[in-house]
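In what follows, a single structure is set out as structure tokens and then discussed.
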Amino acid sequence: MEEKRISVLSILVENRESTQKLNEYLSLFGDYIVGRMGIPYREKQISVIAVVLDAPVSVVNALTGKIGSLIGVTAKSLFGKI
């Protein structure tokens with residue numbers, strides 16, 4: 001079994017039409033999510049979301065790829081050494 005690591009998934013949402021699918025993906029991986037914070041930046045018409053995960057690297061990469069494939073959504077992950 002692959003070792004779990006703490007990571008932060010940073011998400012920028014520029015296309016609100018992708019929000020429903022984004023939330024579906026986050027729900028699918030909900031067992032790995034430690035916490036989530038979303039900040040609507042109305043002035044720039046984007047949303048910034050930070051998701052903390054405790055998951056194997058392959059799981060984080062899979063979620064990052066799914067979210068990053070959405071139109072108008074950018075996702076990047078940062079891994080801790082823990």
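Structure summary
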read-out: Set of lysines with alpha-carbon distance to Lys66 below 19 Å, sequence-local pairs under 8 removed; value: Lys21, Lys76
read-out: Global geometry of segment 32-80, whether rounded, prolate or oblate, following the gyration tensor of its Cα atoms and the 1.5 cut on a/c; value: oblate
read-out: Net lengthening on full extension, Lys81/Val34 (0.36 nm per residue, minus Cα-Cα); value: 15.3 nm
read-out: Total charge dipole magnitude, the chain, about the Cα centre, Cβ charges on Lys, Arg, Asp, Glu only, Debye to nearest 20; value: 180 debye
read-out: For segment 1-72, accessible area per residue (1.4 Å probe, heavy atoms of protein chains only), Å²; value: 65 Å²
read-out: Relative contact order (percent, whole number), the chain, Cα cutoff 8 Å, 6+ residue spacing; value: 49 percent
read-out: Using a Förster distance of 30 Å, the FRET efficiency for Ser58-Glu24 (Cβ separation, nearest 0.05); value: 0.90
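The values are calculated or read from the model by the stated rules, or taken from the named source; none is laboratory data. On a predicted model such as this, the values are computed, not experimentally measured, just so you know. Don't worry about glycine lacking a Cβ; one is built from the backbone with ideal geometry, like all the others, and counts go over all protein chains shown. Remember, those area values only see protein heavy atoms, side chains included, never the ligands or the DNA or RNA. Shrake-Rupley method; radii C 1.70, N 1.55, O 1.52, S 1.80 Å.
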